[in-house]
Amino acid sequence: MANHDTGRPSRRRILKGLAAGTAIAGFVPTRFAIGQPAKVRVGLMLPYTGTYAALGKNIDDAFRLAITEKGGKLGGRDIEYVVLDDEAEPAKGADNANKLVTRDKVDFLVGTVHSGVQMAMVKVATDNNTMLLIPNAGAQAATGPLCAPNIFRASFSNWQPGFAMGKVAAEQGKKRGVVISWDYAAGTESTDAFKEGFTKGGGKIEKELFLPFPEVEFQKLLTQIAEIKPDLGYAFYAGDGAAKFVKDYAAAGLKDKIELVGPGFLTDGTLQAQGDSAQGMQTTLHYADGLDNAKDKAFRAAFRQATGREADVYAVQGYDTAQLLLAGMSGVKGDTCARKELIGAMEKAEIDSPRGKFTLSKAHNPVQDIYLRKVSGTQNRYVSVAVKALADPATGCKMA
Ligand code: BEZ
């Protein structure tokens, strides 16, 4: 059943709140301040298992860190998290998102990592008019033809890092390329974007090689690359798949013969596992090690302190998703019924991100610098700004 979520509490939830001795006033604490306002329900739909598990965990931890740093509340209201493992499984995406929206009645749907799962979440959020905040997945349609006032992204579009890497590779004099990826939206959009930047600069793509997600038997593809002998390979993989691909590429003897580049997901959060096989690799992304800004230094220290792990791009995106939500909820003092004002506050927000400050485009996607990075030890070291303030073209978005 469609749930036209206006942000108001259901009768069932008010009764539940009364029974628990809380939430007497419903969801509009500024207007009906009788007792404690109800908690804001935040649904975290992320991959906590599978190839993208580490990505989901870093997003979750950094999201909560940002909120804890601001007193643990959203617009003055306590938070209840509802957590769901989407397993990076597109076939379960609609059911999972519907559980959070219809059964759990979340006020905000936050997720996810995998572009295919994201498309299901976009549909559920659109059908139910639920606020959706995307902390990773770059699926272009979310801020393109399917853009909507209630859909926001705090990460990137698949086009942004891909296009930048294509431009850089052409500027560095590479002429013949191959692209390699998983055959789903992120892989095809990222490699298409690389192709666009590369061919605009005079390069040519000799071959496009794909495997179904999340397969990691790369040998056949590596043999084909060795036969083609291009100037470079551009690969989109992330998480455990990226770690294995980069190691297999080196083990096949290709590393010193055919330069391997990619969007930064190829080496972000994976360098411990990749070791020598990744040294010297160039990638492009909206984050890098060594950005040397105060926000990044403080964030990295806080994330390390909270989790015992080093931050990566996924942690940054989780943190910024929460910062965007905090900006919206403080703009309406926690009143989720003030939907127009909530959206307005999020649209106007300037996010003080560890990646550098950014704002959102009319399509609700970050307008941001894309950095060229180079692997050194266990770091993706900042080299230069590959493209300044890059906005996704948002093709097909009626709001843009
Ligand atoms: C995606 O599916 O959009 C994606 C997954 C991992 C890293 C980057 C993008």
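The values are calculated or read from the model by the stated rules, or taken from the named source; none is laboratory data. What you are looking at is a predicted structure, and each value in this text was computed from that prediction instead of being measured. Because the Cβ atoms are built from the backbone with ideal geometry, glycine has one as well, and the counts that use them run over all protein chains shown.
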From Ile351, Ile370, residue being within 19 Å of Leu324 (Cβ to Cβ) and either in contact (Cβ under 8 Å) with a residue 24 or more places away in the chain or among the aliphatic types (A, V, I, L, M) (or both): Ile351
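Taking only region 205-235 into account, find how many residues are more than 16 Å from the ligand (Cβ to nearest atom) and either assigned to a helix (DSSP H, G or I) or surrounded by 13 or more Cβ atoms within 10 Å (Cβ to Cβ) (or both). Lay out the reasoning, then the answer.
Step one: filter region 205-235 for residues more than 16 Å from the ligand (Cβ to nearest atom), giving 205-209, 217-233.
Next cut, either assigned to a helix (DSSP H, G or I) or surrounded by 13 or more Cβ atoms within 10 Å (Cβ to Cβ) (or both) only: 205-209, 218-228, 230-233.
Total meeting the criteria: 20.
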Selected residue (criterion: surrounded by the fewest Cβ atoms within 10 Å (Cβ to Cβ)) from residues of region 124-159 that are within 12 Å of the chain's Cα centre (by Cα) and more than 10 Å from the ligand (Cβ to nearest atom): Leu133
In region 245-269, residue farthest from the ligand (Cβ to nearest atom) [restricted to those that are acidic (Asp, Glu), within 15 Å of Leu222 (Cβ to Cβ) and not in a helix (DSSP H, G or I)]: Asp256
Residue count, region 281-303 (criterion: under 20 Å from the mean Cα position of the chain (by Cα) and among the basic types (Lys, Arg)): 2
Test: residue in region 183-203 that is modelled with pLDDT of 95 or more, part of a strand (DSSP E or B) and within 20 Å of Leu55 (Cβ to Cβ): no
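For (1) out of contact with any His (no Cβ under 9 Å at 6 or more places or on another chain); (2) part of a helix (DSSP H, G or I); (3) modelled with pLDDT of 95 or more, each residue gets a yes or a no:
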residue	(1), (2), (3)
Asp296	yes, yes, yes
Phe299	yes, yes, yes
Phe303	yes, yes, yes
Ala315	yes, yes, yes
Leu326	yes, yes, yes
Ser330	yes, yes, yes
Cys337	yes, no, yes
Glu341	yes, yes, yes
Met346	no, yes, yes
Of all residues making up region 104-123, the number that are away from the ligand (no atom under 12 Å from the Cβ) and either under 12 Å from the mean Cα position of the chain (by Cα) or assigned to a strand (DSSP E or B) (or both): 3
Test: residue in region 193-203 that is within 13 Å of the ligand (Cβ to nearest atom), crowded, with 16+ Cβ neighbours inside 10 Å, closer than 24 Å to Ala252 by Cβ and within 18 Å of the chain's Cα centre (by Cα): no
Where a residue in region 106-124 is closer than 12 Å to Ala142 by Cβ and its partner, wherever it lies, is β-branched (Val, Ile, Thr) and modelled with pLDDT of 95 or more, with Cβ under 6 Å and at least six apart: Gln118/Thr112
Cross-chain or 6+ apart pairs with Cβ under 6 Å, region 169-187 first and under 10 Å from Gly203 (Cβ atoms), then of a type in the set (D, E, K, R): Lys174/Asp231; Lys175/Asp231; Arg176/Lys204; Arg176/Glu206; Arg176/Asp231
